[in-house]
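**Student:** Following this message is one structure expressed as structure tokens.
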Amino acid sequence: MNASIVRMFGLFAVLFALLLGWTTRWTVIDAKSLRDNPLNKRTLVDELRIKRGRILADDNSVLARSVPARDNTWSRTYPTGQLFAQPIGYSIALLGSSAGLERSRGDELRGLQTGLSSIFGQLSSRRVGDDVYSTLDPNAQRVAMQQLASAPQLGSPQGSVVALDVKTGAVKVMASLPSYDDNNPHAAGTPTVTTYNRATQAGYPPGSTFKVVTDVAAIDSGKFTPDSTINGNSPVTISGVPLSNDNNASYGPISLTDALTQSVNTVWAQVAEQVGRPTMTTYMQRFGFYSKPPLDYPPDELNASRPFSPHGKPYPPGSSNEDIGRIGMGQGGLQVTPLQMAMVAAAVANGGKLMVPHLTDKAVDQDGRTVETINPKVMSQVMKPSTAQQVTQMMTNVIKDPQGTGTAAALGGIDAAGKTGTAQVGIQGSNLTQPWFIGFAPATNPRYAVAVTIDRTQGEFGGPTAGPIFKAVMQTLLQGHQ
Amino acid sequence: MRARNRELLALIPASLLVTAGFAGVFIQRSNSLSNVSLTYGAIFLGLCVGAHFFIRMTLPHADPYMFPLVAVLASFGIVMIYRISSTFARQQAQWFVLGLILFVATIIVFRDYRKLERYRYTIVFVSLGLLLLPRVPGIGDQVNGAYLGVHIPGVFVFQPTEFAKIGLVIFLASYLRDTRQLLVVGARRILGVTLPPIKHFGPVVVIWGLAMLILVLLHDIGSSLMFYGALLSVLYVATGRLSFVVVGMLAFALGAWYLGTHIAHVHDRVDAWLHPLNPTLYNKFGGSYQVANSIFAQAAGGMFGQGFGQATLTFPGSGAPLLPAPKTDMIYAVVTDELGLFGAAALLLTYLLLVARGFKTAILARDSFSKLLAAGLTSVFGLQVFVIVGGVTRVIPLTGVTLPFVSYGGSSIIANFVLIALLLLVSDRARRPV
């Protein structure tokens, strides 16, 4: 019997070897394909185990952080909630859904570059993400949101403010109302609680603020000077359709500078036509029109600013169907984002050099090493420095001149340059308007450019309504960064 | 060194393991070492040392490594269960104590285990009766489609199969001791196949047939595999005739094919075994979700595991189980997930060592009944490990058998302690100086 017993043990050794062999198959041989199998939810759950890095404001205050949740996972919390929800976005690892900076900087926040790191000193991969430093200014952002909320408008507050550092392209303010609480993104989806980021996604008529673009094209191309005279009578036929000034006011021959100061529509329409569509298109493209801005933000949350046909189709750049005259004074189917208009102001402010806009400027790992730096980069040389100088002069007049439309934006003590806009929205005769203001300060040695817009008001104008918001935000920025 | 001294020394790793294990779980949970883990460790060590002294008094010559190996397995089991859930760990610890008590009782009562032979028919019919219990309406308990438990309201739940397996092996060992010569001598060649004589083999066939039938009625396929394997194993050891085993395997294959194609849930299990990653099967109720996640869990473990306490068992947020039955059927998958291939290999090695000691006892035993009893008990134990680990690793279809000493389950740990006690009794007699 003993022989049989020994053989039985031999059998068990073989059986156990089979068990070990199959275990090896799952743990080593087939492990990768099992991990990649779509039915395997563990990779998703493992994402939850990563401690995502923080997102910080320019004063190092925390805008997003990971807090421990059950089962060794982490969940995201946003201390500033509504205030920065639009630029920061959200990240719900369990659903694989994310938005805003949480998405566009997702790889850094998940620590993909630093590789394995271990919290508990075990042979497992506990990843800790990198902290991402944003360029956003909490004080200025707060002021912007408050101003937007309390501005005179029709219905619940809707509007946007974007502020850029003209020398670096850093985004200091990206405000959009209504906002949402990114601690609870599922509650968004109504007109008053929405993830729609007006700063980057809205397609607004820019109103007269677009005249700055026409001005730049006119002067930089050499066709006009600030003292050139155009007939400012109203109405004027543009593309076969009569175009009039506000209140159909006629100004007679008027200088370009004055035409900007008082925002004379007929003048700018004629200027645009005389500059010509190809030239206008070139300058528009230099400013960034017709393309999505190269912002470190998810591309599907960005819109290009450009003119659209009455059927809602975007015109190919320089298309002969474009009514360049009307485009030149801010109509003609133009749909722009507040970010794009801020970029317009920033280009003028920075001697014609438009810097690439960016919301973040560095990523730092958990050991304090800077793993990524975003240096200021030139996006395009839109105009000659001399043009920028001249346009700045004209824009300063908009605010300084007692007849100027932008007097409400005066900073008191520091000269600012800007342009007002009042787009007609809503049906003919409804008197619904969208106030705009774009500008920069200080006029000599400019530092910041700001664009402000309120979605809809009952007949309010850009100067008195958007101007004060520009003033408040600009003052906060200048005071905070002396 | 004397056997019992070796045994005492061998207990040290077990207690170190359990203390370290509890401490590890504690540090994971609360970032600190607390008195509780040290207390658990101390109590465990105390119990094991106590049991050791009892063995020293009663079975001085018994195999020195069996009990420490069991202690390592049981302590590992408690630590794993504690990591999964501390309430269940407390329960398991209680079962452990109860198991030790029955261990002691078995050794005292069955000092002369040879008298078991006299009651073999009683034992086997009681065992069959126990097997039938889960099917009795009112006290039967259905789990996952299988009637595995007996629920005495207000008192306890137990799984009679665990105890029945011991009874059936005792019967088999005794009966075959008497008839083994006759089976060999009287073997007939029918159609070129050597079969044991019906006259002598009949009762075994009948009784085993009853057992199989009951287990099929219970939908407890895993246990039927185990029992059938034990029968063939003891038969082979008793007669030395491979042909009997081959015939038995063929009969088994036939039966398995029949069951696989005619009984829905057996068919389901085979389907899940063959195609666990099929999306329809995966999402179907009673489909391959468990097997698929078992291999996903092992894949996550890799060579070295994710780290003790690091495996994901539930979906964070909903708490829905990612791996069903982690502390019972699937505990091997959790072990592989956390401790990797190396951890799993270590566990398998421990079981294999125990099986080796059991067979060694059988070889050293001096009379046929002892030999067959030891071989039978070792076989049924080893087969139980094979059936459950095999199911978890997809060597064979998944069934609901427990991993001895490691899975959560009172009946399992108690019955297996009785089994080990019997082995130690045989071992003591076998190694006693003549």
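**Student:** Within the stretch B:236-263, how many residues are more than 14 Å from chain A (Cβ to nearest Cβ) and open to solvent by 70 Å² or more (accessible area, probe 1.4 Å)?
**Tutor:** Taking the stretch B:236-263 and keeping what is more than 14 Å from chain A (Cβ to nearest Cβ), we get B:247, B:250-263.
Narrowing further to those that are open to solvent by 70 Å² or more (accessible area, probe 1.4 Å): B:250, B:252, B:254, B:257-258, B:261-262.
The number of residues fulfilling the criteria is 7.
**Student:** Now for a separate question. Is it the case, given these coordinates, that B:Ser233 is out of contact with any Lys or Arg (no Cβ under 9 Å at 6 or more places or on another chain), under 18 Å from B:Val380 (Cβ atoms), within 14 Å of chain A (Cβ to nearest Cβ) and not in a loop (DSSP other than H, G, I, E, B)? Let's see the steps before the verdict.
**Tutor:** Working: out of contact with any Lys or Arg (no Cβ under 9 Å at 6 or more places or on another chain): yes; under 18 Å from B:Val380 (Cβ atoms): yes; within 14 Å of chain A (Cβ to nearest Cβ): yes; not in a loop (DSSP other than H, G, I, E, B): yes.
So B:Ser233 fits the description; yes.
**Student:** Quick one: what pairs do we get from the stretch B:394-405, first residue within 13 Å of another protein chain (Cβ to nearest Cβ) and buried (at least 24 other Cβ atoms within 10 Å of the Cβ), second of a type in the set (Asp, Glu) and part of a loop (DSSP other than H, G, I, E, B), C-beta under 9 Å, 6+ apart or different chains?
**Tutor:** B:Leu398/B:Asp329; B:Leu403/B:Asp329
**Student:** While we're looking at this one, here's another question. Any chance you could count how many residues in the stretch A:1-43 are closer than 23 Å to B:Pro321 by Cα, at the interface with another protein chain (Cβ under 7 Å from one of its Cβ atoms) and open to solvent by 60 Å² or more (accessible area, probe 1.4 Å)? Let's see the steps before the verdict.
**Tutor:** So the first thing to find is which residues in the stretch A:1-43 are closer than 23 Å to B:Pro321 by Cα, and the list is A:23, A:26-27, A:31-43.
Next, only the ones that are at the interface with another protein chain (Cβ under 7 Å from one of its Cβ atoms) stay: A:23, A:26-27, A:31, A:34-35, A:37, A:39-42.
Adding the requirement that they be open to solvent by 60 Å² or more (accessible area, probe 1.4 Å) leaves A:35, A:41.
The qualifying residues number 2.
**Student:** Return the residues of the stretch A:169-188 that are more than 13 Å from the chain's Cα centre (by Cα) and assigned to a strand (DSSP E or B); say none if nothing qualifies. Give the derivation first.
**Tutor:** First, the residues of the stretch A:169-188 that are more than 13 Å from the chain's Cα centre (by Cα): A:177-188.
Hit for the stretch A:169-188 is A:Leu177, nothing else.
**Student:** Hey, does the stretch B:332-345 have a residue that's more than 8 Å from chain A (Cβ to nearest Cβ), outside any helix (DSSP H, G or I) and buried (at least 24 other Cβ atoms within 10 Å of the Cβ)? Step through it out loud before you land on a result.
**Tutor:** The first filter runs over the stretch B:332-345 and keeps only residues more than 8 Å from chain A (Cβ to nearest Cβ), leaving B:332-335, B:337-339, B:342-343.
From what's left, outside any helix (DSSP H, G or I): none.
There is no residue in the stretch B:332-345 that is more than 8 Å from chain A (Cβ to nearest Cβ), outside any helix (DSSP H, G or I) and buried (at least 24 other Cβ atoms within 10 Å of the Cβ).
**Student:** Quick check on my filter: what residues within the stretch B:279-289 are outside any helix (DSSP H, G or I) and within 9 Å of chain A (Cβ to nearest Cβ)? Explain how you work it out, then say what you get.
**Tutor:** So in the stretch B:279-289, the residues outside any helix (DSSP H, G or I) come out as B:284-288.
The answer is none; no residue qualifies.
**Student:** In the set B:Phe76, B:Phe103, which member is in a helix (DSSP H, G or I) and modelled with pLDDT of 90 or more? First the steps, then the outcome.
**Tutor:** Working: B:Phe76 fails: modelled with pLDDT of 90 or more.
Among B:Phe76, B:Phe103, only B:Phe103 is in a helix (DSSP H, G or I) and modelled with pLDDT of 90 or more.
**Student:** If you go through the stretch B:346-362, how many residues are touching a residue at least 60 places away in the same chain (Cβ under 8 Å), open to solvent by 40 Å² or more (accessible area, probe 1.4 Å) and in contact with a helix residue (DSSP H, G or I) (Cβ under 8 Å, 6 or more places away or on another chain)? Break it down into steps so the answer makes sense when it comes.
**Tutor:** Let us first name the residues in the stretch B:346-362 that are touching a residue at least 60 places away in the same chain (Cβ under 8 Å), namely B:347, B:350-351, B:353-354, B:357-358, B:360-362.
After this cut, where a residue has to be open to solvent by 40 Å² or more (accessible area, probe 1.4 Å) as well, the list is B:353, B:357, B:360.
Next cut, in contact with a helix residue (DSSP H, G or I) (Cβ under 8 Å, 6 or more places away or on another chain) only: B:353, B:357.
Number satisfying all stated conditions: 2.
**Student:** Additional query: All but one of (1) open to solvent by 40 Å² or more (accessible area, probe 1.4 Å); (2) touching an Asp or Glu at 6+ places or on another chain (Cβ under 9 Å); (3) more than 7 Å from every other protein chain (Cβ to nearest Cβ); (4) over 30 Å from B:Phe342 (Cα atoms) hold for A:Ala99; state the number of the condition that does not hold.
**Tutor:** A:Ala99 satisfies every listed condition except (1).
**Student:** With the condition being touching a residue at least 12 places away in the same chain (Cβ under 8 Å) and touching an Asp or Glu at 6+ places or on another chain (Cβ under 6 Å), I'd like the strands (runs of 3 or more DSSP E) fully within the stretch A:234-275 carrying at least 1 qualifying residues. Steps first, please.
**Tutor:** Numbers: elements: A:236-238, A:241-243, A:253-255.
Here the list reads A:253-255.
**Student:** Report whether or not A:Thr77 is open to solvent by 30 Å² or more (accessible area, probe 1.4 Å), more than 8 Å from chain B (Cβ to nearest Cβ) and touching a strand residue (DSSP E or B) at 6+ places or on another chain (Cβ under 7 Å).
**Tutor:** Details: open to solvent by 30 Å² or more (accessible area, probe 1.4 Å): yes; more than 8 Å from chain B (Cβ to nearest Cβ): yes; touching a strand residue (DSSP E or B) at 6+ places or on another chain (Cβ under 7 Å): yes.
Criteria met by A:Thr77.
**Student:** Scan the stretch B:290-300 and give yes if some residue there is over 20 Å from A:Trp22 (Cα atoms) and more than 12 Å from chain A (Cβ to nearest Cβ), otherwise no. Walk me through how you get there before you give the answer.
**Tutor:** So in the stretch B:290-300, the residues over 20 Å from A:Trp22 (Cα atoms) come out as none.
Checking the stretch B:290-300: not a single residue is over 20 Å from A:Trp22 (Cα atoms) and more than 12 Å from chain A (Cβ to nearest Cβ).
**Student:** I've got another one for you. Which residue is surrounded by the fewest Cβ atoms within 10 Å (Cβ to Cβ), if the candidates are limited to the stretch B:265-283 and must be aliphatic (A, V, I, L, M), out of contact with any Leu (no Cβ under 8 Å at 6 or more places or on another chain) and farther than 19 Å from B:Ser223 by Cβ? Don't jump to the end; show me each part of the working.
**Tutor:** Initially, the stretch B:265-283 is screened for residues aliphatic (A, V, I, L, M), giving B:266, B:270, B:272, B:274, B:277, B:281.
Okay, now just the ones that are also out of contact with any Leu (no Cβ under 8 Å at 6 or more places or on another chain), so B:270, B:274, B:281.
Narrowing further to those that are farther than 19 Å from B:Ser223 by Cβ: B:274, B:281.
Details: B:Leu274: 13, B:Leu281: 19.
That would be B:Leu274.
**Student:** Also, I was wondering about something else. Could you tell me whether A:Arg49 is more than 10 Å from chain B (Cβ to nearest Cβ) and crowded, with 16+ Cβ neighbours inside 10 Å?
**Tutor:** Numbers: more than 10 Å from chain B (Cβ to nearest Cβ): no; crowded, with 16+ Cβ neighbours inside 10 Å: yes.
Answer is no for this residue.
**Student:** Is it fair to say B:Leu352 is within 13 Å of the chain's Cα centre (by Cα), within 10 Å of chain A (Cβ to nearest Cβ) and of a type in the set (A, V, I, L, M, F, W, C)?
**Tutor:** Taking the combined requirement at face value, the residue satisfies it.
The values are calculated or read from the model by the stated rules, or taken from the named source; none is laboratory data. A quick note: this is a predicted structure, and the numbers were derived from the prediction, not measured. Heads up, the Cβs are rebuilt from the backbone with ideal geometry, glycines too, and the neighbour counts pull from every protein chain shown. Please note that ligands, DNA and RNA were not included when accessible areas were found on the heavy atoms of the full protein model with its side chains. Shrake-Rupley method; radii C 1.70, N 1.55, O 1.52, S 1.80 Å.
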